[in-house]
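The values are calculated or read from the model by the stated rules, or taken from the named source; none is laboratory data. Small disclaimer: the values here were computed from a predicted structure and weren't measured. Note that each Cβ is placed from the backbone with ideal geometry, even for glycine, and that neighbours are counted across all protein chains shown.
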């Protein structure tokens with residue numbers, strides 16, 4: 001397969017995901033098809049060529065996740081980025097997937113295929129998190145009368161934002177730290193608005209995933225722990 005074929009394969013999987021997500025949230029098959037048609041150009045522009053390149057950072061970082069057991073970053077130790085307190089969610093999710101795949105298939109025999117797969121999985125999981133952000137916003141803050149148009153606008157705007165687009169296309173710690181932090185922040189707002197211990201606990205969980213990926217998310221984790229403690233003993 002060439003890069004265009006990889007892009008089209010990923011695009012097909014993603015459009016199916018969008019279709020079933022909109023069906024699940026809106027219960028309208030015709031609107032789901034319309035949503036896919038409207039969002040498809042934005043999706044393809046985001047996916048196009050995303051698996052065909054590696055930035056300078058990626059050439060080092062991606063090696064850790066695709067083969068954690070034998071990872072040698074050649075700096076000063078194996079799993080160096082993990083030891084620095086970064087990329088731990090990526091290693092946990094994508095690294096675990098590759099740890100299982102490597103038991104059955106020796107991907108190193110197929111050149112850059114493992115890196116292409118890693119970038120595709122990274123992009124796909126990022127989209128899942130974007131859809132979950134939309135789900136939380138739609139459930140708690142968006143006007144239910146405009147839920148259909150909100151679904152198209154929210155997903156499209158997330159994909160069009162330069163920060164999100166670059167994070168989806170580049171395999172590093174920005175994507176998961178940003179999106180898990182966004183989810184944690186929404187749960188934090190829910191906890192405050194509802195005086196909910198459950199929402200505060202969810203905020204802790206998502207903030208943990210974000211903070212272990214990139215430490216600058218730690219303030220959200222700290223506030224979440226404080227709120228959970230407050231609502232527990234209130």
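Below, the figures for the structure above:
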| quantity | calculated |
| --- | --- |
| Helices (runs of 4 or more DSSP H) contained entirely in the range 141-198, each with at least 2 residues that are within 30 Å of residue 229 (Cα to Cα) | 174-194 |
| Exclusive hit being modelled with pLDDT of 90 or more and either farther than 21 Å from residue 128 by Cβ or surrounded by fewer than 18 Cβ atoms within 10 Å (Cβ to Cβ) (or both), set 201, 176, 185 | 201 |
| Filter result for residue 10 (part of a helix (DSSP H, G or I), modelled with pLDDT of 85 or more, on the phi < 0 side of the Ramachandran plot and in contact with a helix residue (DSSP H, G or I) (Cβ under 9 Å, 6 or more places away or on another chain)) | no |
